[in-house]
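Read through the structure below, which is laid out as structure tokens, and then see the notes.
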Amino acid sequence: FFFRVVFCCIIAQSVLSFDFLTLLSNAINACVWVGSGIGMASCAPVIAVMVLFALQLKIAKLIPCALAKEFNTTDTKPLLDWCPPPPSTPLPLEVIRWVHGPKTGTSFGTCLAHFACPELPEDLYPRRGAEANTSEYMRVFAKTYLTPAKCPSLKTRIDRISGHAPVNLNHGFPLKRVITIVRDPRNRHYSGWRVHGTQGTEFHPIDLAAYVTMYRGCQTRMLLGFRCEPPFRKNTMRWETSRSNMVNLLESMHSLETFAFIGITEYWNETICLFHAMYGGPITKHELQNVRPGVAKLVQKTGNLLPGRQRIDKNDDIYDWALYQTALEVFKHRLMQYNIPVPHSLLQDLEPVNLTVFN
């Protein structure tokens, strides 16, 4: 009995440490040491069970951490340690157009709201359940607080802070002074397929590949003036555009006269830091908070390990992949321009844009 207790304590310590190599080493050593007490034949199944249990805990711990990379929910102090102070002469930004692709970061509305109205209390920010139990709480918040009557110091007019409307090329708002957050299309498609809408309906196929095909080019569409979400005609479900349109769009992303700001969902802290480095204003404490969690919340709630995410390839959406790579390049250069550390993983994510894939 004594040997069994010692053996279990050694294994439990290794499991709780989440250290796979320590677990295996301790299990083998414990078997050798107390083999005469519990019998070597008993070691193999015990080790196998403990190893599988530790692996399950290890994976369950790592997956939410990887997703949390996109939205850090801690306070702003660690960010302020390396983020440069607001500029003394920030770039002007009187009117902006937020082109908000689905599943790319509704939380950026918190940043824009406090930037537009500096007198807003820090704990007053757009979120579900505060002003409205509705998916349109960004719109409700803007109509309630971002008005000259409620905010006399309102310095920036935000055109369409809510919803997922594309750039309107025909009604007075050209493709300039646009703010957008771009997301890796593989992550965006997967998040949309899992939590955005009801699977099995007309515009939300159960099959992941069919869903990706239906919504491919979503972020690119919106910047070219086309809708990403229904209602759209069924004959446009496999959306395509010309090489010249893609080249013009990708080239325009490098110009501040066209795109006032480009952020990256996967690099949320750097996105918030860069915006304030360019346009000024303090970083308020809720700008790092994910006010509308999707897949990350699902994983943390159910322990689901994102089955199917690896089945989405970059070539499944050549339009948004080219857009994402261009956005990463622009984002990297602007981080360097404003003396913000460039994450090593961002450099690893970069690859040349292949324009030969477009007709």
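So here's what we get for this one:
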quantity	calculated
Check on M138, in a helix (DSSP H, G or I), touching a Pro at 6+ places or on another chain (Cβ under 8 Å), among the hydrophobic types (A, V, I, L, M, F, W, C) and modelled with pLDDT under 80	yes
Subset of the stretch 106-125 [open to solvent by less than 10 Å² (accessible area, probe 1.4 Å), in contact (Cβ under 8 Å) with a residue 40 or more places away in the chain and in a loop (DSSP other than H, G, I, E, B)]	S107
Matching residues in the stretch 94-105 - criterion: being among the aliphatic types (A, V, I, L, M) and open to solvent by 10 Å² or more (accessible area, probe 1.4 Å)	V95
Candidates N304, N339, N315, N269 - the one that is surrounded by 20 or more Cβ atoms within 10 Å (Cβ to Cβ) and at pLDDT below 95	N269
Among residues of the stretch 216-252, those that are at pLDDT below 80 and open to solvent by less than 50 Å² (accessible area, probe 1.4 Å), counted	6
Of all residues in the stretch 272-298 being at pLDDT below 80 and assigned to a loop (DSSP other than H, G, I, E, B), the one that is nearest to P185 (Cα to Cα)	G294
Residue match in the stretch 254-266 (condition: modelled with pLDDT under 90, assigned to a helix (DSSP H, G or I), surrounded by 22 or more Cβ atoms within 10 Å (Cβ to Cβ) and on the phi < 0 side of the Ramachandran plot)	no
Count of residues meeting criterion [among the hydrophobic types (A, V, I, L, M, F, W, C), surrounded by 19 or more Cβ atoms within 10 Å (Cβ to Cβ) and at pLDDT 85 or above] in the stretch 147-186	4
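The values are calculated or read from the model by the stated rules, or taken from the named source; none is laboratory data. Values in this document were obtained by computation on a predicted structure and should not be read as measured data. Because the Cβ atoms are built from the backbone with ideal geometry, glycine has one as well, and the counts that use them run over all protein chains shown. The protein model used for the area step is the full one, side chains on, heavy atoms only, and it has no ligands, DNA or RNA in it. Shrake-Rupley method; radii C 1.70, N 1.55, O 1.52, S 1.80 Å.
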